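Student: One structure follows; several queries about it will come next.
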Amino acid sequence: MVKSGNTTRRQFLQVTAAAGAAGVFTSSAALVKGAESPNERPVFATIGLRNQGWTITSKSTGLADFAALADVDANVLGTNVQRVKDRQKKAPDAYKDYRKVLDRDDIDAVMIATPDHWHTKVAVEAMKAGKDVYCEKPLTLTIAEGKLIE
């Protein structure tokens, strides 16, 4: 440091950058701590668990609690219920009929990984049930289906 009262441009930038970084890291840490609270974690469900369904679910288990999984294939459903239980230490409820997932009030959002031709139907029903929806492309197959989601 310079002992005189004059501050160089370099010193000013170093101090300013350090102070700014400290503020960013402090606020980021506060956000992360807040996200750890069970009251702040969203509750998800996945509809359709083969291939991409498990991929998006496994990437999201650290961000949300999974209360339910739905798939028409009992073997796929059972395998993935156990996988989620291993990750979050609590087994999600299992449903063969996705509409039972949409009837639940405790689920904030659904991730849809059904075959493409089911995306629109499930997404529209989920939104009508007040759920947030995550669905990968193609969300719709026709312009008419796209208009249903507007």
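The values are calculated or read from the model by the stated rules, or taken from the named source; none is laboratory data. Please read all numbers here as calculations on a predicted model, not as lab measurements. Neighbour counts are summed over all protein chains in view; Cβ atoms, including those assigned to glycine, are modelled from backbone coordinates with ideal geometry. Keep in mind that these areas ignore ligands, DNA and RNA; they rest on the heavy atoms of the full protein, side chains included. Shrake-Rupley method; radii C 1.70, N 1.55, O 1.52, S 1.80 Å.
Student: Tell me yes or no: at least one residue of the stretch 109-117 is open to solvent by less than 70 Å² (accessible area, probe 1.4 Å), aliphatic (A, V, I, L, M), modelled with pLDDT of 95 or more and more than 19 Å from the chain's Cα centre (by Cα).
Tutor: No, there is no match, as no residue in the stretch 109-117 is open to solvent by less than 70 Å² (accessible area, probe 1.4 Å), aliphatic (A, V, I, L, M), modelled with pLDDT of 95 or more and more than 19 Å from the chain's Cα centre (by Cα).
Student: Moving to a separate point now. Which of the residues belonging to the stretch 59-69 are modelled with pLDDT of 95 or more and of a type in the set (Gly, Ala, Ser)?
Tutor: Ala67, Ala68
Student: Among the residues in the stretch 105-116, are any part of a helix (DSSP H, G or I) and either without any contact (Cβ under 8 Å) to a residue 60 or more places away in the chain or not hydrophobic (A, V, I, L, M, F, W, C) (or both)? Write out each step before concluding.
Tutor: Kept after step one, since they are part of a helix (DSSP H, G or I), are these residues of the stretch 105-116: 116.
Narrowing the set further to residues that are either without any contact (Cβ under 8 Å) to a residue 60 or more places away in the chain or not hydrophobic (A, V, I, L, M, F, W, C) (or both) leaves 116.
Yes: the stretch 105-116 contains one or more residues that are part of a helix (DSSP H, G or I) and either without any contact (Cβ under 8 Å) to a residue 60 or more places away in the chain or not hydrophobic (A, V, I, L, M, F, W, C) (or both).
Student: Open to solvent by 90 Å² or more (accessible area, probe 1.4 Å) and under 18 Å from the mean Cα position of the chain (by Cα): is that true of Leu63 in this structure?
Tutor: Numbers: open to solvent by 90 Å² or more (accessible area, probe 1.4 Å): yes; under 18 Å from the mean Cα position of the chain (by Cα): yes.
Judged against the criteria, Leu63 is a match.
Student: Which residues, taken from the stretch 120-138, are within 14 Å of Gly48 (Cα to Cα) and hydrophobic (A, V, I, L, M, F, W, C)? Please lay out each step first, then the result.
Tutor: Step one: of the stretch 120-138, the residues within 14 Å of Gly48 (Cα to Cα) are 120-123, 126, 133-136.
Selection gives Val122, Ala123, Ala126, Val133, Cys135.
Student: Would you confirm whether or not the stretch 13-36 contains a residue that is part of a loop (DSSP other than H, G, I, E, B), open to solvent by 80 Å² or more (accessible area, probe 1.4 Å) and at pLDDT 80 or above?
Tutor: Start the filter on the stretch 13-36 by keeping residues that are part of a loop (DSSP other than H, G, I, E, B), which leaves 36.
Going one step further and asking which of them are open to solvent by 80 Å² or more (accessible area, probe 1.4 Å), we end up with 36.
Pick out the ones that are also at pLDDT 80 or above and you get none.
Scanning the stretch 13-36 turns up no residue that is part of a loop (DSSP other than H, G, I, E, B), open to solvent by 80 Å² or more (accessible area, probe 1.4 Å) and at pLDDT 80 or above.
Student: Output the number of residues of the stretch 128-150 satisfying the condition of being open to solvent by 60 Å² or more (accessible area, probe 1.4 Å) and part of a helix (DSSP H, G or I).
Tutor: The total comes to 5.
Student: While we're on this one: Run down Val76, Val101, Val72 and say which single residue is part of a loop (DSSP other than H, G, I, E, B) and either aliphatic (A, V, I, L, M) or in contact with a Leu (Cβ under 9 Å, 6 or more places away or on another chain) (or both).
Tutor: Working: Val76 fails: part of a loop (DSSP other than H, G, I, E, B); Val101 fails: part of a loop (DSSP other than H, G, I, E, B).
Selected residue: Val72, the only one of Val76, Val101, Val72 that is part of a loop (DSSP other than H, G, I, E, B) and either aliphatic (A, V, I, L, M) or in contact with a Leu (Cβ under 9 Å, 6 or more places away or on another chain) (or both).
Student: Still on this structure, I have one more. Can you name the number of the only condition in (1) of a type in the set (A, V, I, L, M); (2) open to solvent by 50 Å² or more (accessible area, probe 1.4 Å); (3) touching a Ser or Thr at 6+ places or on another chain (Cβ under 8 Å) that Val72 fails?
Tutor: Unmet condition: (3).
Student: When you scan the stretch 86-98, how many residues do you find that are more than 20 Å from Thr140 (Cα to Cα) and part of a helix (DSSP H, G or I)?
Tutor: Residues that pass the stated criteria total 3.
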